[in-house]
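In what follows, a single structure is set out as structure tokens and then discussed.
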Amino acid sequence: MQSTEQNILEIKRLKAEKNAIILAHYYQTGDIQDIADFVGDSLALSQKAASNSADIILFAGVKFMAETAKILAPGKKVLLPDMNAGCSLADSCKAVDFENFLNENPGRTVISYVNTTAEIKALSDIICTSSNAVQIVESLPNEEKIIFAPDRNLGNYILNKTGRDMVIWNGSCHVHEEFSLEAIIKLKKENPDAKIIVHPECELPVRLVADFIGSTSALLQFTKKDKGNCYIVATEVGIIYQMKKENPGKTYIPAPPRDSTCGCSECSFMKLITIEKILSCLKNEKPEIIIDEKTLVRAQKPIIRMMEISEKLGL
Ligand code: 13P
Ligand code: SF4
């Protein structure tokens, strides 16, 4: 068996040989973030997938992210090192149920969060991420009626911000719904100068105690620009690796989930990706993301609409 260092060297060699790039989400472990060509949140990763000159994209993240990359770059080979890297939020919205929901709520513009399967995207008018959700909704005329899916917490956050006529799908992320308000308040008492920073997929009581709410990259930017020195971070713990890397002088305390042994919140799907699996995937060029042509073409339109709005707004 090779050491991790040997595996990393082999990954670098294969990347060069095959003209491949590794795109990694902030929730990946530090070693994976370090070998990636690009690390970002779901919006930045989609933008990168749409504009690069590689032949192969290896996605260190979860399946809906790799599918989004394939939809945006259908001519490239898109690899996901473990096909079991799903998402509880995407799983909470099945295409057959969603079609019924759309039929029960006709005449509405369908905005779906990027955390959805390709089939759900194909049924949507516009895709959004947590980085641009509020702005995408605000870009529509005031009177436009909206369906938002699948995250009820992000949906309610947008509803409160925009006051738009929105019907919201009742889905959620098991990681972001698990933060313990009591534990966060206790941490704040122990660290009175700490700012509580929260991902919008968290439940309302946690959002209500937040000093700042934003997507993973918005939280990262906040900790960079803010004058404070200590943060209680209510999102998946992987982002703290990047926060420490970019601002090593500050203190980052992971917000604990209700039922915690490690004291921090990990997305078990994200953590299925390992250096060993990346190496094997790059070597064998599988598992590969395959999406049927009809779904891919239909899913492309709402993602491109998101990219166009984001570009116009400079996001
Ligand atoms: P971002 O859009 O902030 O990258 O979040 C993705 C995600 O999966 C949150 O759980
Ligand atoms: Fe999905 Fe939640 Fe994991 Fe994000 S953190 S990938 S929403 S399960």
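Quote the FRET efficiency, to the nearest 0.05, computed for N142 versus E311 with a Förster distance R0 of 25 Å and r equal to the Cβ-Cβ distance. After rounding, the FRET efficiency stands at 0.65.
Close amide H partners of Y231, meaning residues 5 or more places away or on another chain with modelled amide H under 5 Å apart, are K195, T251, Y252, I253. The residue among T68, N19, T4 whose Cα reaches farthest toward the positive pole of the charge dipole of segment 4-101, with charges on the beta-carbon of Lys, Arg, Asp and Glu, is N19.
With an a/c value of 1.5 or above and a/b larger than b/c for the gyration tensor axes a ≥ b ≥ c computed over the alpha-carbon atoms, segment 173-293 is described as prolate. Treating each Cα of segment 232-315 as an identical point scatterer and summing with the Debye formula, the log10 of I(q)/I(0) at q = 0.13, 0.24, 0.26 Å⁻¹ comes to -0.83, -1.01, -1.08. Across segment 60-181, the mean sequence separation of Cα contacts (distance under 8 Å, 6 or more residues apart), normalised by length, yields a relative contact order of 23 percent.
For segment 163-244, what's the relative contact order in percent, using C-alpha pairs closer than 8 Å and at least 6 residues apart?
31 percent
For segment 221-278, the residue among I278, N229, Q242 whose Cα projects farthest onto the positive side of the dipole built from Cβ charges is N229. Approximating the spin labels as points 7 Å out from Cα along Cα→Cβ, the K189-to-K244 distance works out to 2.8 nm. Scoring 303-315, 206-218 by mean Cβ neighbours within 10 Å over their residues and listing the highest first yields 206-218, 303-315. Estimated from helices alone, the mean residue ellipticity of the chain at 222 nm is -12500 deg cm²/dmol (sum of -39500 (n - 2.57) over DSSP H runs with n ≥ 4, per residue).
Across the chain, the fraction of Cα-Cα pairs farther apart than 36 Å, rounded to a whole number, is 16%. Here r is the Cβ-Cβ distance between F38 and A95 and R0 is 25 Å; the resulting FRET efficiency, rounded to 0.05, is 0.25. Across the cross-link table entries K94/K301; K48/K227; K94/K277, which are compared at the Cα atoms, the separations over 25 Å belong to K48/K227; K94/K277. Projected label points at T109 and K225, each 7 Å from Cα along the beta carbon direction, are separated by 2.6 nanometres. Using a 7 Å offset from Cα along Cα-Cβ at N19, what residues in segment 247-288 end up with backbone N under 14 Å from the label point? It comes to no residues whatsoever.
Defining a contact as two alpha carbons under 8 Å apart and six or more residues distant in sequence, what relative contact order in percent does the chain show?
Over the chain, the number comes to 22 percent.
Dipole of the chain, Cα-centred, from +1 at each Lys and Arg C-beta and -1 at each Asp and Glu C-beta, to the nearest 20 debye? Display every interim value, and only then the final one.
Values: 37 positive and 41 negative charges, 124 e Å.
Roughly 600 debye, rounded to the nearest 20.
With only Cα atoms counted, segment 93-252 has Rg and Dmax values of 17.1, 53 Å.
Laboratory data are not the source of any read-out in this text; all were calculated from the coordinates shown. These numbers were taken from a predicted model, which means no experiment stands behind them. Because the Cβ atoms are built from the backbone with ideal geometry, glycine has one as well, and the counts that use them run over all protein chains shown.
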